[in-house]
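Read-outs: derived from the displayed coordinates by stated rules, not from any lab. Computed from a prediction, not measured in an experiment: that's the story for all the values here. All Cβ positions, even for glycine, are placed from backbone atoms using ideal geometry, and neighbour counts span all protein chains on display.
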Amino acid sequence: MIRLIKSKQTYFILLFAALVVALFPAPKANAAYTLVWSDEFDGPTINTNNWAFEIGTGSGGWGNNELQYYTNRSDNARIENGNLVIEAKRESYGGMNYTSARLKTQGKKSFKYGRIEARIKLPNGQGLWPAFWTLGADIATVNWPRSGEIDIMEHVNNENNTYGFIHWDANGHVSYGGPSQSFDVTQYHVYSIEWTPSAIKWFVDGVQFREANIANNINSTEEFHKEHFLLLNMAVGGNWPGSPNASTPFPSKMYVDYVRVYQDVANPPGDIVSGGTYKLINPKSGKALDVSGAGTANGTNVQIWTDNGTGAQKWTIYRNANGTYKLINVNSTLALDVEGIGTANGTNVQVWTDSGNAAQTWNITRNADGTYKLINPNSGKALDVASAGTDNGTNVQIWTDNGTDAQKWNLIRVQ
């Protein structure tokens, strides 16, 4: 969601960044995209394994002087006929005069690069501000705008176009973006971005209307080379659209048919070789990912232990058809597994018979410092050393992706 520019210095930084992006466009994407995650909204209720609710008014109306109170009530967000419906209402609630909903995948699903799209039908009305967007998964530690933000679709008031923007930090808040072509926003349309290491491109119904160059962190755009989570919301009022008036229809509804994420699975990250055997060393402790007691039974715990080169610390990495990976322990031939297909922070990691289920799939992403993180796509959470411990026998678990050293691994090929 757009934040207003608050200083003359920031304005000139923004202008410079926009000119550089426009004058030096990135190469066109040529990715072999495969669907890696979606929510089709075909269940009876909102899937809380995918979505969490923001509640309340936020600080200063979420930084934009917005006028709504976000709730988790079915009055404001629900599933109807295969659609997620976000409904803004004029009513007194929580000290505000309007209610609406804001859903996010934070702590549940996050993504870096790919095609991200949603099929959405929007309302028109003065003061209405629906959006489909992303924020950096590390926002809780680095704050906005250092988290980065990608606005895939924003619409304000009665305009016959939408907007695509990015926001980031370059010694202050800067942004780049602008409007789409003209069309009827009150009908269903597919809003998408194609996001690669080189560029972010915006589309409506497959027609590109904007492109930002992010290659090699140009203009301090490192915020767009890390995991982001997704958001869907409809704000009421705020700095950009202004306040509703007597003509604004309430209730107003935003219909989301689906959200889908596609990624290029043709190219594995870094130099990982499918079928290669690796040891995984946590750089904070210098210790290896290890099967406790060199065990071979289902449910044997996974821990860190002094690197000793045994089979308990060797893992053969295989690439799955959908671009995720499984890790098979050489000694036991069992797979690295999230206990009970759990999704909660602190869920134990163990070894278990290779079954190919969601508990045993991992996205492997290279960090800027050359280490890797392993994200379980079922939970959206990272392979993590409990309490950032460094002692032999410290447990390994899943935890919200936070970019700390407890979630970093050096992958060293041994054969």
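A Förster distance of 30 Å, applied to the separation of the beta-carbon atoms of Val142 and Tyr93, puts the FRET efficiency at 0.40. Other residues whose C-beta falls under 10 angstrom from the C-beta of Trp305 contribute a net charge of -2, scoring Lys and Arg +1 and Asp and Glu -1. Summing charges over all other residues whose Cβ lies under 12 Å from the Cβ of Asn124, with Lys and Arg as +1 and Asp and Glu as -1, gives 0. Each label point was placed 7 Å from the Cα along the Cα-to-Cβ direction; for Arg413 and Thr45 their separation is 4.8 nm. Look at the alpha carbon pairs under 8 Å that are at least 6 residues apart: their mean separation over the length of segment 22-170 gives a relative contact order of 16 percent. Straight-line cross-link partners of Lys89 among the lysines, defined as a Cα under 26 Å from its Cα and at least 8 positions apart when in the same chain: Lys104, Lys121, Lys253. Taking the chain as a Gaussian network, where each spring joins two C-alpha atoms under 10 Å apart, which residue of Ala359, Ala312, Ala140 fluctuates the most? Sorting by GNM fluctuation, first place goes to Ala140. Annotation: segment 108-219 has a Kirkwood hydrodynamic radius of 14.6 angstrom, from the mean reciprocal C-alpha pair distance. If R0 is 56 Å, the Cβ-Cβ spacing of Ala246 and Thr390 corresponds to a FRET efficiency of close to 0.30. Stretching the chain fully between Asn81 and Val207 yields a gain of 42.6 nm (0.36 nm per residue, less the alpha carbon separation). Full extension of the segment from Asn216 to Glu159, taken as 0.36 nm per residue of separation minus the current Cα-Cα distance, would add 17.0 nm. Across Ser220, Ser59, Ser74, mean-square fluctuation computed from a Gaussian network of the chain (C-alpha pairs under 10 Å connected) peaks at Ser59. The GNM of the chain, with springs linking C-alpha atoms under 10 angstrom apart, assigns the highest mean-square fluctuation among Ser175, Ser192, Ser387 to Ser387. In this rough spin-label picture, where each label sits 7 Å from Cα along the Cβ direction, the Glu339-Phe183 distance is 4.9 nm. Annotation for segment 118-180 versus segment 212-249: alpha-carbon center distance of 1 Å.
Taking the Cα atoms only, what angle lies between the long axis of helix 8-23 and the longest principal axis of the chain, rounded to 10 degrees? The angle comes out at about 70 degrees. The P(r) of segment 276-413 has a tail past 23 Å containing 20 percent of all C-alpha pairs. Based on the alpha carbons, how large is the Rg to Rh ratio for segment 36-107 when Rh follows Kirkwood? Rounded to two decimals, Rg over Rh is 1.01. When Lys and Arg each count +1 and Asp and Glu each count -1, what net charge do the other residues less than 14 Å away from Ile398, Cβ to Cβ, add up to? Combined, the nearby Lys, Arg, Asp and Glu give 0.
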